[in-house]
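Participant: A single structure is presented below for examination.
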Amino acid sequence: MKIAVVGTGYVGLVTGTCFAEVGIDVTCIDIDQRKIDNLHQGILPIYEPGLEEMVSRNVAAGRLHFSTKLSEAIKDCDVAFIAVGTPPGEDGSADLKYVLGVAREIGENMTNYGVIVTKSTVPVGTAAKVRKEITDALAKRGEAIDFDVASNPEFLKEGAAIDDFLKPDRIVVGVASERAEEVMTKLYKPFLLNGHPIIFMDIPSAEMTKYAANSMLATKISFMNDIANLCEIMGADVNMVRKGIGSDARIGTKFIYPGIGYGGSCFPKDVKALIKTAQENGYQMQVLQAVESVNDAQKEVLFDKVKKHFGGELQGKKMAVWGLSFKPKTDDMREAPSLVIIEKLLAEGCTVTAYDPVAMPEAKHSLGDTITYAKDQMEALIDADALLIVTEWPEFRVPNFEVMSRLLKQKVIFDGRNIYDAAELQEAGFAYHCIGIRTAH
Ligand code: NAD
């Protein structure tokens, strides 16, 4: 089979590389010439564990190609994936201009039957718009090439994307013809061999499934953060409560960790987009509206604790921040809670020195030189009045607290991810603040 994947971001590059890994001929396309030039030299536009090796292996094997020319790559393709961004528009709805632009270009250049698949997260009804763009473009050419559209939302998690793609919990595909189902079954067959299920459904249901999945996950996070905040007020320990409820199989242990709110390129925009879709169709997503407002407030919780601890006197304080990316094992800074916290610290007159194992180059695009970037996690602590744990990278979990005591000016830790043991730190003389547990200082 021969396929094209349009968009070489977190989703497109992982998708294309994983299909190449199972022997399929793949061309990854991007409009960004610099990204494609870099990919030709083995430089990836994103950080994703294991991806660099997999890309170079498949390029060397002659199965994975990169190009800016969709017009050439689309020729003789069996399947073309659209994996470009769908950022939120000003009103919160998903902006489809990139997706529909690619659809038009496909229609202008396709030469044979193929399945055009939206992998980008798109609202219900988008596949129909994709079909129309392609049909209109073909009509302009005076061509009537047969094609199908399909919806194949992506569920990978940044930081574990390769494993998620190769061993998916499920593959969801929305189709409107048997022929498209056959092509998609053939394409995904290598990933199904170990019992990973493929679920075929109608196209609108597939489009909605992605939003429902992300909205459910965001709901779990906001729900748990709400419970955590109440635990703190009432003197309960959210870690205990989490274990207590997680042991109920109907609730489960995953995704019920309290913290400083969800970020990233997906949950915030997808929750917003679903709220907007509902509004446009005369319905209110009341739960999701609450999920969003709890999350907005939660991103400020750590800052509020800092302010309270220092009695509102933050002018001139030096703050160390560990972790900038919205979650560990990615360099993705989109909607990261760190941005909200740092902005508030700077506005109060603090100076900030941050360390992140991989996201600092990406963070510089938004934070520039408003903060200092440390070369390692310990350097960030030198003479700092407090440490804020913002992202729970594994290397932050068991640090040398003795060394930390010596480097910090004041032994104060604000842990937005609850990665330390409160009793242990208090015994070591730290003032320790975390989420959902009332700690003595
Ligand atoms: P991204 O911003 O990392 O990558 C998008 C890429 O598309 C960019 O490299 C951009 O240059 C390219 N592009 C834009 N217009 C183009 C065009 N006309 N032709 C060719 N390339 C073009 O985005 P992403 O994080 O990979 O997300 C892509 C889609 O997948 C979004 O809809 C997102 O919601 C969805 N999604 C993302 C994730 C995730 O974890 N990042 C997971 C599941 C689904």
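Participant: Counting only residues that are β-branched (Val, Ile, Thr) and assigned to a loop (DSSP other than H, G, I, E, B), which one in region 50-99 is nearest to GLY125 (Cα to Cα)?
Facilitator: By that ranking, first place goes to THR86.
Participant: Hey, another quick one. As an exercise: evaluate ILE413 against (1) modelled with pLDDT of 95 or more; (2) part of a loop (DSSP other than H, G, I, E, B); (3) β-branched (Val, Ile, Thr) and give the number of the one condition it does not meet.
Facilitator: Failing condition for ILE413: (2).
Participant: Just to be sure before I move on: is ASP164 within 16 Å of the ligand (Cβ to nearest atom), free of Cβ contacts under 8 Å to residues at least 24 places away in the same chain and either surrounded by fewer than 17 Cβ atoms within 10 Å (Cβ to Cβ) or in a helix (DSSP H, G or I) (or both) in the structure I sent?
Facilitator: Judged against the criteria, ASP164 is a match.
Participant: List every residue pair whose Cβ atoms lie under 7 Å apart, where the two residues are 6 or more positions apart in sequence or sit on different chains, the first residue falls within region 280-291 and is not assigned by TED's automatic domain parsing to the domain that holds VAL124, and the second residue, located anywhere, is small (Gly, Ala, Ser).
Facilitator: GLN284/ALA278; MET285/ALA278; LEU288/SER215; VAL291/ALA218; VAL291/SER222
Participant: Is it the case that region 383-399 has a residue that's more than 30 Å from ALA423 (Cα to Cα), modelled with pLDDT of 95 or more and among the charged types (D, E, K, R)?
Facilitator: no
Participant: Conditions: (1) within 16 Å of the ligand (Cβ to nearest atom); (2) in contact (Cβ under 8 Å) with a residue 40 or more places away in the chain. PHE255 meets all but one. Number of the miss?
Facilitator: PHE255 satisfies all of (1) within 16 Å of the ligand (Cβ to nearest atom); (2) in contact (Cβ under 8 Å) with a residue 40 or more places away in the chain except (2).
Participant: Looking at the structure I just gave you, is ASP32 within 13 Å of the ligand (Cβ to nearest atom), at pLDDT 95 or above, among the charged types (D, E, K, R) and assigned by TED's automatic domain parsing to the domain that holds SER120?
Facilitator: yes
Participant: Of the numbered conditions (1) farther than 17 Å from TYR10 by Cα; (2) without any contact (Cβ under 8 Å) to a residue 24 or more places away in the chain, LEU96 satisfies every one except a single condition; which is it?
Facilitator: Exception for LEU96: condition (2).
Participant: Quick test for you: out of LYS119, LYS140, pick the one residue that is in contact with a Phe, Trp or Tyr (Cβ under 7 Å, 6 or more places away or on another chain), among the basic types (Lys, Arg) and either within 15 Å of the ligand (Cβ to nearest atom) or in contact (Cβ under 8 Å) with a residue 24 or more places away in the chain (or both).
Facilitator: Of the residues listed, the single one that is in contact with a Phe, Trp or Tyr (Cβ under 7 Å, 6 or more places away or on another chain), among the basic types (Lys, Arg) and either within 15 Å of the ligand (Cβ to nearest atom) or in contact (Cβ under 8 Å) with a residue 24 or more places away in the chain (or both) is LYS119.
Participant: It is to be established whether one or more residues within region 274-292 are of a type outside the set (D, E, K, R), under 26 Å from the mean Cα position of the chain (by Cα) and either part of a loop (DSSP other than H, G, I, E, B) or on the phi > 0 side of the Ramachandran plot (or both).
Facilitator: Scanning region 274-292 turns up at least one residue that is of a type outside the set (D, E, K, R), under 26 Å from the mean Cα position of the chain (by Cα) and either part of a loop (DSSP other than H, G, I, E, B) or on the phi > 0 side of the Ramachandran plot (or both).
Participant: Could you tell me which residue of region 74-116 is nearest to the ligand (Cβ to nearest atom), considering only residues that are in contact with a Lys or Arg (Cβ under 9 Å, 6 or more places away or on another chain) and small (Gly, Ala, Ser)?
Facilitator: Step by step, filter region 74-116, then rank; the result is ALA83.
Participant: Name the single residue that is nearest to ASP76 (Cα to Cα) among those in region 122-137 being within 16 Å of the ligand (Cβ to nearest atom) and more than 26 Å from the chain's Cα centre (by Cα).
Facilitator: It comes out as ILE134.
Participant: Follow-up question, since we're still on this one. Cβ-Cβ below 8 Å, separation at least six or inter-chain, first residue in region 29-55 and within 25 Å of CYS77 (Cα to Cα), second aromatic (Phe, Trp, Tyr) and within 12 Å of the ligand (Cβ to nearest atom): which pairs?
Facilitator: These pairs meet every condition: ILE29/PHE66; ASP30/PHE66; ILE36/PHE66; LEU39/PHE66; HIS40/PHE66.
Participant: So, in region 143-161, of the ones that are over 17 Å from ILE82 (Cα atoms) and of a type in the set (Gly, Ala, Ser), which residue ends up nearest to the ligand (Cβ to nearest atom)?
Facilitator: That would be ALA161.
Participant: Now a separate question. Hey, could you check region 1-20 for residues that are surrounded by fewer than 22 Cβ atoms within 10 Å (Cβ to Cβ) and either under 18 Å from PRO190 (Cα atoms) or of a type in the set (A, V, I, L, M, F, W, C) (or both) and say which is modelled with the lowest pLDDT?
Facilitator: It comes out as MET1.
Participant: Let me ask you something else. Would you please name the residue that is surrounded by the fewest Cβ atoms within 10 Å (Cβ to Cβ), looking only at residues in region 21-70 that are under 15 Å from LYS2 (Cα atoms) and of a type in the set (Asp, Glu)?
Facilitator: ASP25
Participant: Out of (1) assigned to a helix (DSSP H, G or I); (2) under 30 Å from VAL124 (Cβ atoms); (3) among the small types (Gly, Ala, Ser), what's the single condition that is false for GLY244?
Facilitator: Here GLY244 meets the rest and fails (2).
Participant: Out of curiosity, is ALA20 within 27 Å of ASN194 (Cβ to Cβ), more than 25 Å from the chain's Cα centre (by Cα) and more than 10 Å from the ligand (Cβ to nearest atom)?
Facilitator: Considered against the rule, which asks whether it is within 27 Å of ASN194 (Cβ to Cβ), more than 25 Å from the chain's Cα centre (by Cα) and more than 10 Å from the ligand (Cβ to nearest atom), ALA20 comes out as no.
The values are calculated or read from the model by the stated rules, or taken from the named source; none is laboratory data. Computed from a predicted model, the values in this text were never measured in an experiment. Backbone-built Cβ (ideal geometry, glycine too); neighbour counts: all protein chains shown.
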